[in-house]
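Working notes for the structure below.
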Amino acid sequence: MYASTVRGLLVRGMLAGLIAGLFAFAVAYVVGEPPVRGSIAVEEAQAAKDAASAPSAHAGHGGDAASGEATEEEEELVSRPVQSTFGLATGVLVYGVALGGIASLAFSFALGRVGGFSPRATAALTAAGAFATVYLVPFLKYPATPPAVGNPDTIGQRTTLFFLMILLSVLLGIGAIILGRRLAPRLGNWNATLTAGAGFIVAAALAFAVLPDNSDAVQPGFPAALLWEFRVASLAVQLVLWAVFAVVFGVLAQRLLAARADGADVTAPAQQEAPALG
């Protein structure tokens, strides 16, 4: 019975993640694409400026052929219109489905273990915790940057640091939950929650201080307003994704668990009366 309930929650979590992904894609396309296009325009303008100021290494015979080869090498495999529509939609929807499935499993574990909350309230708390640990805390340490802005030679290092921050944030969040549960019998739920939250903030601040900064994430001279717009858009996409997931999954989980509870209530009397009928 428990396994079938978890499986049902997993399916509904993935469905909720898909629906949330649709809303997130709309926000990403409307709010996020303009600063992306702006950053690409800045990069192209800088590249044209550098090419104009640099001496030609292929002047004279063979120069046109070399230029043609370079153009062919730099030609995009996928055009920008496709990247900003089908590519963006595919990425966001897959991301939403994957996170929805993981969040539903976290919900299955948290239900009834973090207090006497209803399924809807537990779904909201799970989504809020996931948003904070998986995105918000890492974002505060390593804010998002538009594509083709940072130094390409350090992409691997920056990606590693970002995922390391996600791992540390999730582990600290789990530790805060465990701490809050152990302190609740002595301090009460409210004081235990405040203490665990304060411990999480202190531990996250220590991680911020220990991990290195991304000093070359943004090239000098990049427009600050454009960078700010991109980061606000990135934050808005994640906020919409998790908010919609919390609402949709909360409703679906509430209905599933209520139906399972009603089915159990109907089956129990029937099982008790069966021996008497025999």
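The values are calculated or read from the model by the stated rules, or taken from the named source; none is laboratory data. Please read these numbers as outputs of a predicted model, since none were measured by experiment. Every residue, glycine among them, receives a Cβ derived from its backbone with ideal geometry; neighbour counts consider all protein chains shown. When the accessible area is computed, the model is the full protein with side chains, heavy atoms only, and any ligands, DNA or RNA have been set aside. Shrake-Rupley method; radii C 1.70, N 1.55, O 1.52, S 1.80 Å.
Near Phe117, the amide H atoms lying under 5 Å from its own belong to Gly112; only residues 5 or more places off or on other chains count, and H is placed 1.01 Å from N.
Solvent exposure of region 165-226 amounts to 65 Å² per residue of accessible area, where only protein heavy atoms count and the probe is 1.4 Å. One chain, two ends: Asn191 and Thr159. Fully extended at 0.36 nm per residue, the span grows by 7.8 nm beyond their Cα-Cα distance.
Zone of Gln83 (label point 7 Å along Cα→Cβ, backbone N under 19 Å): which residues in region 233-259? 233-234, by backbone N distance to the label point.
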